[in-house]
Structure formats: structure tokens, C-alpha cells
Amino acid sequence: MLLSACLFAPGLVSAEETAGLTKLSEHVYAAVDFKNASPAGNSFGVNTGIVVGNDAVLVVDTRISAKKAREFIADIKKITDKPIKYVVNTHYHLDHSWGNCEFVKLGAVVIGHENWIKLASRYKEGMSHPEYYGMTAEDLNGTTLSPPTITFKDAMLVDLGDVTVSLSYLGHTHTNDSIVVLVEQDGVLFTGDILFTRYHPSMNEADVQGWLKTLAKLESTPAKIIVPGHGPVSTTADIKDLEVYLTEFDKQAKVLCAGKTQDDAPAIAQEMLKILPDQKRTELIWGVENNLRSKYLPKK
Ligand SMILES: [Zn+2]
């Protein structure tokens with residue numbers, strides 16, 4: 001299905017609230033926990049960051065559009081005049097990668113997992129239909145798909161001079177191209193959407209068991225500072241919290257969806273919200289109902 005990853009609420013207006021970059025460690029800055037995350041034009045509240053080395057800057061994810069990427073670039077320029085040589089996409093989803101085009105114009109190369117390009121083929125049509133994602137043509141003005149030109153299968157290191165960034169694919173999780181970005185000497189880990197903190201995770205394309213295995217591995221990360229794909233700066237306690245959530249979601253959804261149809265999704269979602277362990281999670285565009293429809297109920 002074309003839009004399996006993207007069943008976002010339509011008709012939302014753009015917002016101008018963006019987070020500036022905050023210093024997290026010697027080399028790492030991040031724009032985290034956007035306010036008013038719901039509007040698609042505001043990148044669904046995606047977190048983005050940079051690693052600044054002696055020789056170059058590496059960008060982690062690029063937001064949802066050329067416009068949002070230009071705002072990000074303006075914030076980067078306030079921090080450093082080092083060349084932006086590398087963009088890393090934690091995965092192909094639009095809110096993480098559709099800003100790539102603006103960084104390519106500056107001469108950056110885009111790096112991602114080898115499955116990125118195959119998975120993103122759905123966007124060939126989707127990009128010309130901003131309404132699919134709750135956006136307007138104005139939101140996507142000047143935005144073009146800029147896939148990675150450097151891909152890897154398991155792991156890759158990027159040397160920025162005085163700091164090295166390690167990229168790792170840990171199996172099929174949130175998507176089958178999701179990677180983590182570790183700046184070990186600074187103790188900082190970017191998880192992309194392998195970790196959602198205080199959001200209901202998007203499970204539409206997930207391998208839940210693979211995701212749980214990867215989260216268990218990430219519990220022993222050397223990083224003390226974890227930047228999730230969405231939500232505030234996190235710790236391993238938030239990784240454990242998502243493990244509990246996904247385990248419980250999978251267990252309960254299998255029971256409640258047995259013998260049911262897509263028409264039952266809203267009622268089952270209400271039941272799930274009563275049962276799920278973390279009631280503080282924000283119900284935004286990654287709704288429980290979408291996860292039930294795409295993974296647990298038979299397609300119409
Ligand atoms: Zn995602």
C-alpha cells in the first residue's frame with residue numbers, strides 16, 4: 001500500500017514553532033522536542049542534530065521539507081562555519097529525509113542504509129500529493145527527493161577529524177532501514193524512530209519482535225544522552241519504557257483484534273488506550289488506531 005507509513009491526520013495547518021539547536025556535549029547539538037508537533041508542516045515534531053568536528057559537520061536527519069531544512073541550516077550557521085559535508089538519515093521517512101535536498105545544494109553527501117532507496121520508492125507519487133500527509137503545496141515548495149548516495153549494510157564510520165561517528169543497522173525495527181548514530185566519545189546516541197519517547201510509536205512498518213531485540217541491545221549503549229526520533233532527550237529508562245509498551249501492545253492487540261475488521265479499529269483503539277502502560281504518551285499522528293489498522297486487522 002502506497003501510504004502504509006504515512007496515515008497521518010489530514011488537514012492540519014503548518015506551524016512555525018521550531019526548536020533551536022542546544023549543545024548536548026563537546027561535539028553534538030540537537031533540536032529536540034519541537035513544540036506543536038502535530039502539524040505535518042512542522043515535521044511531525046522530528047528531532048534533528050549535528051556533530052561538529054575539526055574538519056566537517058555531520059547532520060542527523062533533515063526535517064520534512066526544503067523550507068524546514070533551510071531553517072535548520074540557518075540554525076547550524078549560528079553555531080559553526082565548518083562545511084556541512086555529511087547528512088545521515090536515520091531512516092527514509094519523510095520527516096527525517098525530505099530536507100536532504102537543501103543540504104545537497106550545499107555540497108553534502110547523504111548517507112543511509114541500503115534499504116532506504118527501495119523503501120522510499122513510495123514517495124515518487126507521494127511527494128506530489130502533500131495532502132496525503134496533511135500538508136499543502138506551499139509546505140513542500142522546492143522539496144525534491146534526494147536519496148543517499150552512500151549506503152551501507154551493517155555499519156559505517158565517519159571521521160570528522162577529532163571525532164568519529166558510528167552508524168549501525170541493528171535489524172528490522174521501526175522500519176527495515178532504521179539505523180542508530182553513536183558519538184561514543186561524547187556519550188551521545190541518536191536512535192531515529194527506534195525510540196519514541198512520550199509518543200505512541202509508529203508501528204505500521206515495524207517488525208515488533210526485531211524491534212524489541214534491538215531495544216534490548218540498546219539498553220547497554222555507552223551513551224548517557226539519547227536523542228529519540230520524537231520526544232525529549234532520553235535515557236536508557238525510556239528505552240525500557242518502550243520495550244514494555246511494545247510488548248504489551250503486541251499482546252493486547254492480538255487478543256482484541258482476533259476476528260475483528262477495520263471497522264472495529266476505533267473501538268479497539270479506545271480499549272487499547274485504557275490498557276497500554278504509559279498513559280502519558282501523546283496521541284498525535286502516530287495513533288494507536290493506525291497501528292491496529294496496519295498491523296493487526298485484516299486489510300479490506
Ligand atoms: Zn519513522
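Given the conditions (1) touching a Gly at 6+ places or on another chain (Cβ under 7 Å); (2) open to solvent by less than 60 Å² (accessible area, probe 1.4 Å), which single one is not true for residue 222?
(2)
Return the only residue of 247, 235 being out of contact with any helix residue (DSSP H, G or I) (no Cβ under 7 Å at 6 or more places or on another chain), closer than 30 Å to residue 180 by Cα and hydroxyl-bearing (Ser, Thr, Tyr). Steps first, please.
On the way: 247 fails: out of contact with any helix residue (DSSP H, G or I) (no Cβ under 7 Å at 6 or more places or on another chain).
So the residue among 247, 235 that is out of contact with any helix residue (DSSP H, G or I) (no Cβ under 7 Å at 6 or more places or on another chain), closer than 30 Å to residue 180 by Cα and hydroxyl-bearing (Ser, Thr, Tyr) is 235.
Among the candidates 233, 244, single out the residue that is within 22 Å of the chain's Cα centre (by Cα), farther than 30 Å from residue 51 by Cβ and surrounded by fewer than 20 Cβ atoms within 10 Å (Cβ to Cβ). It would help to see each step written out before you state the result.
Numbers: 233 fails: farther than 30 Å from residue 51 by Cβ.
From the options 233, 244, the qualifying one is 244.
Residue check: is residue 146 part of a loop (DSSP other than H, G, I, E, B), polar (S, T, N, Q) and either free of Cβ contacts under 8 Å to residues at least 40 places away in the same chain or open to solvent by less than 10 Å² (accessible area, probe 1.4 Å) (or both)? Before you say what the answer is, go through the steps one by one.
On the way: part of a loop (DSSP other than H, G, I, E, B): yes; polar (S, T, N, Q): yes; either free of Cβ contacts under 8 Å to residues at least 40 places away in the same chain or open to solvent by less than 10 Å² (accessible area, probe 1.4 Å) (or both): no.
For residue 146, the condition - part of a loop (DSSP other than H, G, I, E, B), polar (S, T, N, Q) and either free of Cβ contacts under 8 Å to residues at least 40 places away in the same chain or open to solvent by less than 10 Å² (accessible area, probe 1.4 Å) (or both) - is not met.
Which condition breaks for residue 169 when tested against (1) in contact with a helix residue (DSSP H, G or I) (Cβ under 8 Å, 6 or more places away or on another chain); (2) within 21 Å of residue 58 (Cα to Cα)?
With (1) in contact with a helix residue (DSSP H, G or I) (Cβ under 8 Å, 6 or more places away or on another chain); (2) within 21 Å of residue 58 (Cα to Cα) applied to residue 169, the lone miss is (1).
So in the stretch 226-276, with the set limited to residues that are of a type in the set (A, V, I, L, M, F, W, C) and within 16 Å of the ligand (Cβ to nearest atom), which one is farthest from residue 186 (Cα to Cα)? Spell out the reasoning first.
In the first step, residues of the stretch 226-276 are kept if they are of a type in the set (A, V, I, L, M, F, W, C); the result is 226-227, 233, 237, 239, 242, 244, 246, 249, 253, 255-258, 265, 267-269, 272-273, 275-276.
If we keep only those that are within 16 Å of the ligand (Cβ to nearest atom) too, we end up with 227, 242, 246.
Numbers: 227: 13, 242: 24, 246: 29 Å.
Out of the qualifying residues, it is 246.
Does residue 211 satisfy being under 20 Å from residue 94 (Cα atoms), within 16 Å of the ligand (Cβ to nearest atom) and at pLDDT 95 or above? First the steps, then the outcome.
Values: under 20 Å from residue 94 (Cα atoms): no; within 16 Å of the ligand (Cβ to nearest atom): yes; at pLDDT 95 or above: yes.
Considered against the rule, which asks whether it is under 20 Å from residue 94 (Cα atoms), within 16 Å of the ligand (Cβ to nearest atom) and at pLDDT 95 or above, residue 211 comes out as no.
List the pairs whose first member sits in the stretch 89-103 and is touching a residue at least 40 places away in the same chain (Cβ under 8 Å), whose second member is among the aromatic types (Phe, Trp, Tyr) and more than 14 Å from the ligand (Cβ to nearest atom), and whose Cβ atoms are under 6 Å apart, counting only residues at least 6 apart or on separate chains?
Pairs that qualify, where the first residue is touching a residue at least 40 places away in the same chain (Cβ under 8 Å) and the partner is among the aromatic types (Phe, Trp, Tyr) and more than 14 Å from the ligand (Cβ to nearest atom): there are none.
Could you list, ordered by first residue, the pairs with Cβ atoms under 6 Å in which the first is in the stretch 117-138 and on the phi > 0 side of the Ramachandran plot and the second is open to solvent by less than 70 Å² (accessible area, probe 1.4 Å) and outside any helix (DSSP H, G or I), at least 6 apart or interchain?
Within 6 Å, the pairs are 134/8; 134/9; 134/12.
Could you count how many residues in the stretch 102-116 are within 8 Å of residue 151 (Cα to Cα) and surrounded by 15 or more Cβ atoms within 10 Å (Cβ to Cβ)? It would help to see each step written out before you state the result.
First, pick out the residues of the stretch 102-116 that are within 8 Å of residue 151 (Cα to Cα): 111-114.
So of that shortlist, the ones also surrounded by 15 or more Cβ atoms within 10 Å (Cβ to Cβ) come out as 111-113.
So the count comes out to 3.
Within the set of pairs 6 or more residues apart or between chains, which connect a residue that is at pLDDT below 95 inside the stretch 231-257 to a residue that is among the charged types (D, E, K, R) and open to solvent by 30 Å² or more (accessible area, probe 1.4 Å) with Cβ atoms less than 6 Å apart?
231/198; 232/33
For the stretch 68-97, name all the residues that are closer than 14 Å to residue 44 by Cα and touching a helix residue (DSSP H, G or I) at 6+ places or on another chain (Cβ under 8 Å). Spell out how you get there, then give the answer.
Filtering the stretch 68-97 down to residues closer than 14 Å to residue 44 by Cα leaves 68-69, 93-97.
If the condition is that a residue be closer than 14 Å to residue 44 by Cα and touching a helix residue (DSSP H, G or I) at 6+ places or on another chain (Cβ under 8 Å), then 68, 69, 94, 95, 97 are the ones that fit.
Is it the case, given these coordinates, that residue 52 is without any contact (Cβ under 8 Å) to a residue 40 or more places away in the chain, away from the ligand (no atom under 14 Å from the Cβ), among the aliphatic types (A, V, I, L, M) and open to solvent by less than 40 Å² (accessible area, probe 1.4 Å)? Let's see the steps before the verdict.
Working: without any contact (Cβ under 8 Å) to a residue 40 or more places away in the chain: no; away from the ligand (no atom under 14 Å from the Cβ): yes; among the aliphatic types (A, V, I, L, M): yes; open to solvent by less than 40 Å² (accessible area, probe 1.4 Å): yes.
The answer is no for residue 52.
Does the stretch 165-189 hold any residues that are within 13 Å of the ligand (Cβ to nearest atom) and either modelled with pLDDT under 95 or open to solvent by less than 10 Å² (accessible area, probe 1.4 Å) (or both), and which are they?
173, 174, 175, 177, 178, 179
The values are calculated or read from the model by the stated rules, or taken from the named source; none is laboratory data. Please read all numbers here as calculations on a predicted model, not as lab measurements. We place every Cβ from the backbone using ideal geometry, glycine too, and count neighbours over all the protein chains shown. Quick note on the areas: whole protein, heavy atoms, side chains included, nothing else; ligands and nucleic acids left out. Shrake-Rupley method; radii C 1.70, N 1.55, O 1.52, S 1.80 Å.
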